[in-house]
Structure formats: structure tokens, C-alpha cells
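Following: one structure in C-alpha cells, then a few remarks.
The values are calculated or read from the model by the stated rules, or taken from the named source; none is laboratory data. Here the structure is a predicted model, which means the values were calculated and not measured. Cβ coordinates were reconstructed from backbone atoms using ideal geometry, including for glycine residues, and neighbour counts include every protein chain displayed. Surface accessibility is based on the protein's heavy atoms, side chains included, excluding ligands, DNA and RNA. Shrake-Rupley method; radii C 1.70, N 1.55, O 1.52, S 1.80 Å.
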Amino acid sequence: MTQITLMDGGMGQELIRRAGDAPTPLWSTQVMVDHPGLVAAVHADFRAAGATVHVANTYAIHRDRLVGTALEDQFEALHLTALKEAAASGRVAGSLGPLGASYRPDIHPTHDVAVPLYAEIAQIMAPHVDLLICETVASVAHAQAALAGASTSGKPVWMALTVQDTDGRLLRSGEPLADVLPFMDDAAAVLANCAAPEAMAAAVDVLATSGKPFGAFANGFTQITGDFLQDKPTVASLQSREDLSPETYAEFALGWIDQGATIVGGCCEVGPAHIAKLAETIRAAGHEIV
């Protein structure tokens, strides 16, 4: 029997689906403002499904995302709102998403610019979370900056690295995933995230060499397409898979656990039904969810 930490699933797409609003460059941030309480309802459903770590809806709350919008002066308030809505869920992970845009390591700021930006967010969230998770980290430089900034919080930091859909041994930048590991001394755990579940076994094999707790949480997109790799994209550019049932996703995740992963969950398009089936499958395999 292995003790498994079960993360929740994807917040952004679940919010868009429930709200019925057209996606905007602000993604789930705008939904949170327009539909108070909806974030808390999603957290509650993931908790009921069996998740024990809940990622706060702070991924896209960056100053660069808010510039020129009606929310530009609500940077700290938006973080606190998201954290308040997650507070009843159990263990809360404050999310630090990429600066600039997801999957765009080419436009990630330089280290000296990025570190204080991540540190500002980490310090806002620290009093309200159990840990921080740097999500969808697409390059070695991004990983170094995010970890340096997040580590100023004094909270444990999980590093979640996004790999290529066709080769989980490579970051989205094209760099080997293994090249990140020498810089992860201050990370409490290393994970692969926001890529096809088929790519995760190869990524998990690499992360297993880190000497740290490791795991994976995949997305349910058909593929991160070239159309998505543009400034201020929306999820309208992405398509959800029709073949990723809760049962299928649970089979993938149980495979990662068989490889030694102790942290699993879901990313974009992985909903409460997937997490519920995953929890059931983990327990049926004789493991304990903690």
C-alpha cells in the first residue's frame, strides 16, 4: 500500500463550462468576478470527489494579464478572493501560473524581472495556503525563476513542468526535462502537468530520478496547437478530447502510481467525475489517499 496525494482537476475549463460565458483573455479570473461563489462550488465538488489538495484559482492572476482591463487595480484583491473561495476545501495550494502566457517560454521574462513578480504573488498567498505550486513551467529558466520567487514565501513549493504532448522527456521549450532537476534543490516535489496523458509515463520516469516526491496531472485537450501559441490566447483555441473518459484517465494515472508517483490529479478538462473515478481506482488498487 502506498500513500497517494490526490490533487483536484482543472478549474478554468470547469468554470467556463458552468458559467456559460465566452472565454476571454482573463480566463477564469473574469468568471470569478462575474459569478461569485462559483469557484467555491467547483472546489466543493472536487473535495466530494475525493481530492485532498485543492489548487486555488490564482493561476492567471498576473499583473501583465490585467494591464488594460477593468481589473487592473484589483491584483491583490483577486488573489485574496480566490484564496477565500478555496479556504473550506482542505489543503490549499496557491497556484503561480506562467508570466506572459502559457506554453510560451520564448516570451517569459528574464530572471531578474521574473523573480520579484513571482515573489510578490507568493508572499500575498503564503498566509492563506499550505503550499505553493508553480504550474505549467515550460523551460529551465522559467523553473529557476518561479522556484526562486516562490521560495521567498517560506511555504513548501511544488514544481509542475509542462512537457511536449508527443515526447514527455522534453519540456515545451524543447529542452530535456532532466535539465531542470539539478536546479530543484528547494522544491518539495516535482511533477509533470498540462500535457497529454500519453506523454506522462516518460516524464514520470525522468522525475523519478530526482530523489523527491513526484507525480503527474495531465490535461484533456486533443493537443496544444500552434493556433494557441499567440499573445493572450483563450481556451476557445483548444478542443477537448472525446476519448478521455473518467475510467480511461484513471487507468493512465494508476500507471504513473505503478511507476512510483505519489502525487496525482488532473489538469485542464479533467473534471470532478474523473477525480472521483481516480479516487475509486486508487483505493481499489490497495493504496491510501492522504
- [ ] List the number of the failed condition for Glu14; all other conditions in (1) out of contact with any helix residue (DSSP H, G or I) (no Cβ under 6 Å at 6 or more places or on another chain); (2) within 23 Å of Leu278 (Cα to Cα) hold.
- [x] (1)
Task: Selection count where residues are within 12 Å of Ile275 (Cβ to Cβ), open to solvent by less than 10 Å² (accessible area, probe 1.4 Å) and either in contact with a Pro (Cβ under 6 Å, 6 or more places away or on another chain) or not hydrophobic (A, V, I, L, M, F, W, C) (or both), scope segment 42-65 - done: 3
Open item on the list: Going by what's in this entry, would Asp34 be described as in contact (Cβ under 8 Å) with a residue 60 or more places away in the chain and of a type in the set (D, E, K, R)?
Closed with: no
Open item on the list: Quick check on my filter: what residues within segment 9-52 are touching a Phe, Trp or Tyr at 6+ places or on another chain (Cβ under 9 Å) and over 27 Å from Val67 (Cβ atoms)?
Closed with: Gly9
- [ ] Filter segment 245-286 down to residues that are among the hydroxyl-bearing types (Ser, Thr, Tyr) and closer than 15 Å to Glu198 by Cα and give me whichever is least open to solvent (accessible area, probe 1.4 Å).
- [x] Tyr249
Open item on the list: For the list (1) part of a helix (DSSP H, G or I); (2) under 30 Å from Arg283 (Cβ atoms); (3) at pLDDT below 95, I need the number of the one condition that Trp256 fails.
Closed with: (3)
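Tell me which residues, restricted to segment 121-140, are surrounded by fewer than 22 Cβ atoms within 10 Å (Cβ to Cβ) and either within 18 Å of Cys194 (Cβ to Cβ) or free of Cβ contacts under 8 Å to residues at least 12 places away in the same chain (or both).
Passing the criteria: Pro127, Val140.
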Task: Selection status of Gly68, without any contact (Cβ under 8 Å) to a residue 60 or more places away in the chain, open to solvent by 50 Å² or more (accessible area, probe 1.4 Å), on the phi > 0 side of the Ramachandran plot and over 17 Å from the mean Cα position of the chain (by Cα) - done: yes
Open item on the list: So, in segment 164-202, exactly how many residues are over 30 Å from Gly154 (Cβ atoms), open to solvent by 50 Å² or more (accessible area, probe 1.4 Å), of a type outside the set (Ser, Thr, Tyr) and out of contact with any Leu (no Cβ under 8 Å at 6 or more places or on another chain)?
Closed with: 1
- [ ] Please indicate, with yes or no, whether at least one residue in segment 145-158 is over 20 Å from Val264 (Cα atoms), in contact with a Gly (Cβ under 8 Å, 6 or more places away or on another chain) and buried (at least 24 other Cβ atoms within 10 Å of the Cβ).
- [x] no
Task: Flag for Ala187 being over 23 Å from Asp64 (Cβ atoms), touching an Asp or Glu at 6+ places or on another chain (Cβ under 6 Å) and assigned to a loop (DSSP other than H, G, I, E, B) - done: no
Open item on the list: I'd like to know if segment 25-36 contains one or more residues that are within 17 Å of Glu269 (Cα to Cα) and hydrophobic (A, V, I, L, M, F, W, C).
Closed with: yes
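Residues in segment 213-223: is at least one open to solvent by 30 Å² or more (accessible area, probe 1.4 Å) and modelled with pLDDT under 90? Give the derivation first.
Restricting attention to segment 213-223, the residues satisfying the condition of being open to solvent by 30 Å² or more (accessible area, probe 1.4 Å) are 213, 222-223.
Those left that are additionally modelled with pLDDT under 90: 222-223.
Looking for residues that are open to solvent by 30 Å² or more (accessible area, probe 1.4 Å) and modelled with pLDDT under 90, one finds at least one in segment 213-223, hence yes.
Taking the residues in segment 224-244 that are open to solvent by 80 Å² or more (accessible area, probe 1.4 Å) and over 18 Å from Arg104 (Cα atoms) as candidates, determine which candidate is modelled with the highest pLDDT. So that I can check it myself, show each step before the final result.
So the first thing to find is which residues in segment 224-244 are open to solvent by 80 Å² or more (accessible area, probe 1.4 Å), and the list is 227, 230-232, 239, 242-243.
Filter once more, keeping what is over 18 Å from Arg104 (Cα atoms): 239, 242-243.
Numbers: Gln239: 66, Glu242: 73, Asp243: 85.
Among those residues, the one meeting the criterion is Asp243.
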TODO: Go through segment 156-172 and give me each residue that's free of Cβ contacts under 8 Å to residues at least 40 places away in the same chain and part of a loop (DSSP other than H, G, I, E, B).
DONE: Pro156, Thr166
